Amino acid sequence: MTRFSENSVGIVTPQIARFEEPLPLACGRVLANYELIYETYGELNAQRDNAILVCHALSGHHHAAGYHSEDDRKPGWWNECIGPGKPLDTNRFFVVCLNNLGGCHGSTGPSSINPDTGSPWGPNFPTMRTRDWVNSQARLADYLGIDCWAAVVGGSLGGMQAMRWSIEYPERIKHCIVIAAALKLSAQNIAFNEVARQAIVSDPDFLDGDYGKSGKVPARGLALARMIGHITYLSDEKMASKFGRDLNSGSLVQGSEENAEFQVQSYLRYQGSQFSGAFDANTYILMTRALDYFDLALEYENDPIAAFRRATCSFMVISFSTDWRFAPERSHEIVEALIAADCPVSYAEIEADEGHDAFLLPIPRYIDVFKAYMKRVGGDH
Amino acid sequence: MRLDLAHIQRWIAPGARVLDLGCGDGEFLEYLRDNLDVRGMGLEIDHRYITTSIARGLHVVEQDMDKGLGNFPDQSFDTVVMALALQAVHYPERVLDEMLRIGREGIVTFPNFGHWRCRLHLGLLGRMPRSKTMPHTWYNTPNIHYCTVHDFEELCAAKGIKILARDVVDDSTRQPILSRKWPNLFATTAIYHITR
């Protein structure tokens, strides 16, 4: 008897797939060989038609659901949506989630050893684009014996991978679920990412990305980058209700000289330091660049309608009312292009206070709509 | 199925591409899909209806038609249906224009405010009408633009909208003789098949 609840996938073990066939990348370079770490939940059926690919966002990884051990404190990052009776119902689907190339959780990335030099790739790891990830995910599908995904699902940067799948491998995807995403980043979005990158590269311990050789870690820069990101993932409303102007220490009373510290300050610092101990700075730079470079329609004469005309799957698009990083308007652009391209699409705009982070949370209407759509993916229609 | 919907499905060709403005719980689109092989899409703002329609395997977009339908390309649907929603939109005239821009044909149904019972309510009792099809009080109703059969046909004439067919639903008989002859007085729900 374990302590995990009935609707948990329980204890999961990551697996590693090694690929020896060179992978040509969008930047022009070629990755001679690489490893992808992944987890699976549920069982692949005999027809091999119940597989779902979950694509992770900026700082995500392969551990999307369940626990790694009995005393694991926190479950995977999308535990709310993956498990028995949840939208990605593991009684029904075979769910696959991997750490993308360039990641820092076990797949080949900047902190892996470059076989040509014998030392970590560091800043010399090739620049990744969303299409590179999708190509590597297609090879993982081959490896797992999956010809066609029942659905490719993702939030944020994950949603961008799902859309890329729909137009680059139209014959290998039946449903595309795009949550809190965009056809491309706005200048404001790129600006936030640039401030985050500058925070990292201006940390003296960054050493032009070669910190791996010296044993140093640009922890302050990485923490600062995360703090900036974190602000943009929350909404004004959520921050107001979560922290307001509450103080941790000090006072605003006249005559008190001690500096007041607001709760939001220590919260952000805690988030930053937690993150900097668990994430690689070069990976953060690589992932934010992949976000910035993503432009679904770039290779289709900047016409998202022309891009989506290649797609043959059905789409579900979801946005959140207070998400200002990937606002509902960005999802409207996706939906408008899909309608014009004559692609079947459903769209729901979820009222939620949690900002961009809402896509990770169990918001009742979000879960209901997601479940309703997955019912169809499961073959009811 | 609701009577007005049973009537209008006759005007939809098998295999047609249909946009249903205010698709509700999706019952009609589901019927069209299962019986006429229609490729349908619904527009809805009610959260529960959206979830129900999606669970039915329909394609539903959460969108308020009062905020415009500009995201739908010209002539991208065979038929655009708006059942019992004309009276609830802010700009009925604009929505009619949009319907016939997006679709080759349109089908509109609305409660007829010219029905004799409405007239009785207003004329004799001096009260705003309420009925089975119009159950709301005047101060709490989604229905903000009531019109009669005559009003609607006048608007169509003024806008150069062609009426391909008219049908009626009344609450008395299965053979609506009176309402066919004098729809403005006897139709509870008016049903129009229109085009440019």
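Where a number appears in this text, it was derived from the coordinates with a stated rule and is not lab data. The structure displayed is predicted, hence computed values, not measured ones. Cβ: placed from backbone, ideal geometry, glycine included. Neighbour counts: every protein chain shown.
Tell me the residue from A:D368, A:D342 that is facing chain B (nearest Cβ under 10 Å), closer than 22 Å to B:E30 by Cα and either among the aromatic types (F, W, Y) or assigned to a loop (DSSP other than H, G, I, E, B) (or both), please.
Answer to the check: A:D342.
From the residues in region B:57-74 that are more than 7 Å from chain A (Cβ to nearest Cβ) and charged (D, E, K, R), which one is farthest from A:V335 (Cα to Cα)?
B:D66
With the requirement that a residue be part of a loop (DSSP other than H, G, I, E, B), touching a Phe, Trp or Tyr at 6+ places or on another chain (Cβ under 7 Å) and hydrophobic (A, V, I, L, M, F, W, C), what does region A:151-184 give you?
Hits for region A:151-184 are A:A180, A:A181, A:A182.
Does A:Y34 meet the test of being under 30 Å from A:K371 (Cβ atoms) and of a type in the set (F, W, Y)?
Working: under 30 Å from A:K371 (Cβ atoms): no; of a type in the set (F, W, Y): yes.
Judged against the criteria, A:Y34 is not a match.
Being assigned to a helix (DSSP H, G or I) and either over 22 Å from A:C104 (Cα atoms) or touching an Asp or Glu at 6+ places or on another chain (Cβ under 6 Å) (or both): is that true of A:A199 here?
Spelling it out, it is not the case that A:A199 is assigned to a helix (DSSP H, G or I) and either over 22 Å from A:C104 (Cα atoms) or touching an Asp or Glu at 6+ places or on another chain (Cβ under 6 Å) (or both).
In region B:114-133, what residues are within 18 Å of B:L86 (Cα to Cα) and touching a helix residue (DSSP H, G or I) at 6+ places or on another chain (Cβ under 8 Å)?
B:G114, B:H115, B:P129, B:R130, B:S131
Yes or no: region A:299-308 includes at least one residue that is of a type in the set (S, T, N, Q), surrounded by 18 or more Cβ atoms within 10 Å (Cβ to Cβ) and more than 11 Å from every other protein chain (Cβ to nearest Cβ).
no
Show the residue pairs meeting these rules: Cβ distance below 6 Å; 6+ apart or different chains; first residue within region B:18-44 and at positive phi; second residue surrounded by fewer than 20 Cβ atoms within 10 Å (Cβ to Cβ).
B:G24/B:Y49; B:D37/B:P14; B:D37/B:G15
What are the residues in region B:35-56 that are more than 10 Å from chain A (Cβ to nearest Cβ) and either assigned to a helix (DSSP H, G or I) or small (G, A, S) (or both), if any?
B:N35, B:L36, B:Y49
Going by the conditions given, is A:F275 in a loop (DSSP other than H, G, I, E, B), surrounded by 13 or more Cβ atoms within 10 Å (Cβ to Cβ) and of a type in the set (A, V, I, L, M, F, W, C)?
no
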